[in-house]
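The values are calculated or read from the model by the stated rules, or taken from the named source; none is laboratory data. Here the structure is a predicted model, which means the values were calculated and not measured. Counting neighbours? That spans all protein chains shown, and the Cβs are built from the backbone with ideal geometry, glycine included.
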Amino acid sequence: MSQLTNTKGIGGMTTLTDRLIYIVGPLKLQNALMASFLERETGAKCLAVEKFHDIQGTDNEKNRQPTLALWDCLGNDMESCLSEFEPDFKEVLNHSAVAFFNVSPDLGIEAEFIARGVQGFFYEHDRIERFPQGICAIFNGELWFSRKIMNEAMKKDKKQTGLQTRYETDLSHREIEILAMIAGGASNKMIAEKLYISPHTVKTHLYNIFKKINVTNRLQAALWAAKNLS
């Protein structure tokens, strides 16, 4: 969150002038138009590519520029989503956040891909004006899907891993409290307001929590909490 610039764009939204967004999918005209819209609305640099593997080996590798890959799910079922995503997802997730768009609400892919590290879903019926808000949230380290979807992913993860004993860590009471709020879908701002602490203090706690439980992002922390704090 601290890396976001302070410049305000259209509608007062924080701009992302130091960020890079890839629009991934075969529909070149649609993706070019979306890239143009997102550049205008967020200030981020946007590139349209056809496949996930086209992201690898770019200048972003050298610059370590914060990156988001938006993948077009239009017309895909679970099997085709997996076949497209699986070969390159580990490499992509090493240097980029990933979100899906044009997701059919009836497809039911969310839990499967949350477990693989996807941080957001934009649906076929979403208005395009919703994208800048969600993208800013994801670059803030937040998750862009409903609490209901998160709960379903946690239930599935528990079934797959089985019962576990409480994880032994040196988490403080405050850190456990914050971790539980993350699992419930709370943003940094919500946590700060609920616990009467500053957003900077929340970020410090999150850094320490991630280090202690050996995770790298909010999604992994939420899934860890679901398995070990229940």
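Below, the figures for the structure above:
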| quantity | calculated |
| --- | --- |
| Residue in the range 210-228 that is buried (at least 16 other Cβ atoms within 10 Å of the Cβ) and of a type in the set (D, E, K, R) present | yes |
| Residues located in the range 172-189, provided they are without any contact (Cβ under 8 Å) to a residue 24 or more places away in the chain and either more than 25 Å from Q133 (Cβ to Cβ) or surrounded by fewer than 15 Cβ atoms within 10 Å (Cβ to Cβ) (or both) | S172, H173, E177, K189 |
| Top-ranked residue of the range 134-154 - restricted to ones that are part of a helix (DSSP H, G or I) and in contact with a helix residue (DSSP H, G or I) (Cβ under 8 Å, 6 or more places away or on another chain), ranked as farthest from N102 (Cα to Cα) | M154 |
| Verdict on R40 being among the basic types (K, R), surrounded by fewer than 15 Cβ atoms within 10 Å (Cβ to Cβ) and either at pLDDT 80 or above or in the same structural domain as Y123 (by TED's automatic domain parsing) (or both) | yes |
| Number of the condition not met by E124 [criteria: (1) among the acidic types (D, E); (2) closer than 22 Å to M181 by Cα; (3) at pLDDT 90 or above] | (2) |
| Residue that is surrounded by the most Cβ atoms within 10 Å (Cβ to Cβ) [pool: residues in the range 73-97 that are within 15 Å of the chain's Cα centre (by Cα) and not hydrophobic (A, V, I, L, M, F, W, C)] | S96 |
